[in-house]
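The values are calculated or read from the model by the stated rules, or taken from the named source; none is laboratory data. No experiment lies behind these values; they were computed from the predicted model shown. Cβ atoms come from the backbone with ideal geometry, glycine included; neighbour counts cover every protein chain shown. Note: areas computed on protein heavy atoms with side chains; ligands, DNA, RNA excluded. Shrake-Rupley method; radii C 1.70, N 1.55, O 1.52, S 1.80 Å.
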Amino acid sequence: MCYKRILTLLSCVCLIGKIGLAQDTFLPPSQPEIYPGTETTMPIIIDGQLNELAWSETPVIDNFIQQNPKQGAPSSYPTEVKILYNQHGLYIGAICFQPESQVVVKNLERDFNFYQNDLFGVAIDGLLDKRNSLVFQVTPLGTLRDLQVIDGENENTDWNVTWNAKTTILEDRWIVEMVIPWNIIRYANNTDQLGVVFARNIRSLNEFSSAPAVPRSLNVYRMEYEALLTNLVSPPPSTNIQINPYALGDLQYVDDAGNTNSEFDPKIGGDIKWGISTNSVLDLTFNTDFAQAEADAQVVNLNRFSVFFPERRQFFLENSDLFSPSITNWIRPFFSRRIGLNASGRPIPIDAGARFVSQSSDHRLGSLIIRQREFDGTPASNFGVLRYSRNLSAQSRVGSMVTFRNDQSLGDTPSNNNFTYTVDGLYRPDPSFGVQGMITGSQDDITGNGLAGQLWAYYENNLVYIGLLEYYNRNYNPGMGLEILNDNYVMTAPAIFFDFRPDWLPSYIRSYNPGFYAYIFNSSVDGKHLFSYSGFRPVEFDFQNGANFYFTIEPNWQSLEEPFFPVGIEVATGNYQYVRYYLVAATNPASVISATFNSSFGEFYDGSLERYTLSGRVAPIPHIEFEGSYQLTRIHNLGINAQDDETYLIQFGPRLALNPRLLFSGLYQWNSASDRHLWNTRVSWEFMPLSFVYLVFNSSVTDTSDPLNRLNQQQYIAKVSYVHQF
């Protein structure tokens, strides 16, 4: 690690603090605000009306303060919140004043985009650790969004639980009525208070506000600023078992150069969730299936990094943050896509698995075990993870993790064992400054021992972000993890970005955000330079309506010790210096028609490269949405043969919704680099909370220009999943 660079960063941080820049990033209050809850024995019907007598007898919370754009100013439109509770759960009612003509909702999809819709929501800190929260949000049309937030920054938006909310839109306001069951809030036994932050997005003004107030430079989920919801009588632990069985039929058809076959594969399986106590849960899975998962987006990769594809399978998404001590995706000791998927992303059957998570105000404990079946040349494998994290102070922690992977022998391939051992920590003495690090070692029967590490130090306030990111990799081989770059390397990445909001900016521009970043890669074996690039961004403007424009100049230095093959073109070994330019313009993402133009051009190794991407969305009403993109890549005089090439990537798909529970989505992709056409269509009907019927069609056609190499794969899936709570 480059400790001199870290000291330089800290010196810069201290200097900025001394000269007194942007002091309006205020500290958390010494005494949190108090919001009283009101117990009720009256029945509450969730209908978006707030017409029960209990609501009229409940105190009002109305101190919403802008976070952005005018930190500290009152919200442009008032919000009134009331809180009831009983032995079933928390009931939250909100009146969001706003003209009906200004209400913005772009679609009816669950887990909608935070920045594109009007919304009201609450973050709940059940364990009162002032760092982790569960977030529940709803749009004026009743679309739900729920997520887990760790350390006030890391968001797991794919976490889904059973709760309910209804809304009503009137001429000058929209009304929210929601219920959050106690059994999904992790809290200490016999607690009489919870930490809460209420948030609202007024999208027509591109304005965020919260109660209590949170600084503009920080995430609105930073729970050290939370208020206390008091006067509660929480229920004791009770039988809390949820079963989620499924049944499906899977018909697959393959035409491989004229050789055809089909196979019908029925399956049954499911998950069981047992809330052992108010702060611990055990999940079991049997014959796990992920047929409803969305398709991965195609890419044309022209750099030396592996492409990252996110996890989309629901079983692995809940509490995924606990098993991820990594800062980014560059080096991860555990990455769940290594389980149940092969290298090309095709499913491998999972026989069974279990996950246990326990949380309190001072620690988090998690364990995971999975059995993967032998399938299509892939050996049977066993996976295990054990994770522990301990809170040391208000916003600091230290943790450790062990992973184990056992690949059993198959044919002439011997068995193999892989372990990783990880220690990580976060030091955040105040909201603006933090240091997060991880060191991890691997032990593999075949590749031997390896070591890797990460370090991120940063300072941020309402004016500036300064950060330094360091990575180290030496023969590291995480059998259950991920490496974006497989070389033995040390990476140093400093960055500084500003958020200027002077009075002389035109009224339609919110901020001017120039900045600089660099990525420098050297060998961890001998220190030799591998490659590096830096970006100078003299121009970036964020507009009041959410539009964005920026221009970046990026010098590159590349040292190739072995040939490089972007889109199959051979680039010879040697040293290369060149400059690339990036121009990006995006319109208001909440308008009926929105678009983003992304272009890069300039030199590329010993040739030149142009890439133009135009993506857009048309959403005339929340029930109808079309998205698409067109990417053109042109290469000139590249490589040992001075080759030219041109590739196209087209993606297009509709989203149609009769209501928030019944949706159709489709995605067509054509990648000319691989001559591959893909279709993924899905109908989902949520007939009961988190109980679904799925109809899925997948199609992949490769090499259509040559009948002898044509590969046509089609898959038809019908699946029913059901959730029942005991």
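Tabulated values for the structure
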item	result
Candidates Glu177, Glu155, Glu109 - the one that is open to solvent by 30 Å² or more (accessible area, probe 1.4 Å) and either part of a strand (DSSP E or B) or touching a helix residue (DSSP H, G or I) at 6+ places or on another chain (Cβ under 9 Å) (or both)	Glu155
Selected residue (criterion: surrounded by the most Cβ atoms within 10 Å (Cβ to Cβ)) from residues of segment 27-70 that are touching a Lys or Arg at 6+ places or on another chain (Cβ under 7 Å) and polar (S, T, N, Q)	Gln67
Lone qualifier among Leu560, Leu609, Leu583 - being touching a residue at least 60 places away in the same chain (Cβ under 8 Å) and either within 29 Å of Phe531 (Cβ to Cβ) or of a type in the set (Asp, Glu) (or both)	Leu609
Failed criterion for Gln558 (all others in (1) open to solvent by less than 20 Å² (accessible area, probe 1.4 Å); (2) touching a His at 6+ places or on another chain (Cβ under 8 Å) hold)	(2)
Test: residue in segment 705-718 that is closer than 30 Å to Phe264 by Cα, modelled with pLDDT under 90, in contact with an Asp or Glu (Cβ under 8 Å, 6 or more places away or on another chain) and of a type in the set (Val, Ile, Thr)	no
Output for segment 78-90, where each listed residue is surrounded by 15 or more Cβ atoms within 10 Å (Cβ to Cβ), touching a helix residue (DSSP H, G or I) at 6+ places or on another chain (Cβ under 8 Å) and either assigned to a loop (DSSP other than H, G, I, E, B) or at pLDDT below 95 (or both)	Gly89
Residue that is nearest to Asn279 (Cα to Cα), among those in segment 346-371 that are open to solvent by less than 30 Å² (accessible area, probe 1.4 Å) and touching a Phe, Trp or Tyr at 6+ places or on another chain (Cβ under 7 Å)	Gly366
Scan of segment 686-697 for residues that are modelled with pLDDT of 90 or more and within 26 Å of the chain's Cα centre (by Cα), ordered by number	Glu686, Ser691, Phe692, Val693, Tyr694, Leu695, Val696, Phe697
Qualifying residue in segment 583-593 (condition: open to solvent by 70 Å² or more (accessible area, probe 1.4 Å), assigned to a strand (DSSP E or B) and within 29 Å of Glu207 (Cβ to Cβ))	yes
Filter result for Val220 (touching a helix residue (DSSP H, G or I) at 6+ places or on another chain (Cβ under 6 Å), open to solvent by less than 20 Å² (accessible area, probe 1.4 Å), among the β-branched types (Val, Ile, Thr) and outside any strand (DSSP E or B))	no
Filtered residues of segment 223-250 (kept if among the β-branched types (Val, Ile, Thr) and either touching a Gly at 6+ places or on another chain (Cβ under 8 Å) or crowded, with 21+ Cβ neighbours inside 10 Å (or both))	Thr230, Ile241, Ile243
Test: residue in segment 475-494 that is at pLDDT 95 or above, assigned to a strand (DSSP E or B), open to solvent by 20 Å² or more (accessible area, probe 1.4 Å) and closer than 26 Å to Pro555 by Cβ	yes
Residue in segment 684-707 that is touching a residue at least 40 places away in the same chain (Cβ under 8 Å), among the hydrophobic types (A, V, I, L, M, F, W, C), out of contact with any Lys or Arg (no Cβ under 8 Å at 6 or more places or on another chain) and in a strand (DSSP E or B) present	no
Residue satisfying all of: in segment 596-606; part of a strand (DSSP E or B) and buried (at least 19 other Cβ atoms within 10 Å of the Cβ); farthest from the chain's Cα centre (by Cα) among these	Phe604
Residue check for Tyr550: assigned to a strand (DSSP E or B), open to solvent by less than 70 Å² (accessible area, probe 1.4 Å) and closer than 26 Å to Met491 by Cβ	yes
Residue tally, condition open to solvent by 50 Å² or more (accessible area, probe 1.4 Å) and either in a strand (DSSP E or B) or among the basic types (Lys, Arg) (or both), over segment 611-644	14
Yes/no for Leu662 being within 23 Å of Thr633 (Cβ to Cβ) and either aliphatic (A, V, I, L, M) or free of Cβ contacts under 8 Å to residues at least 24 places away in the same chain (or both)	no
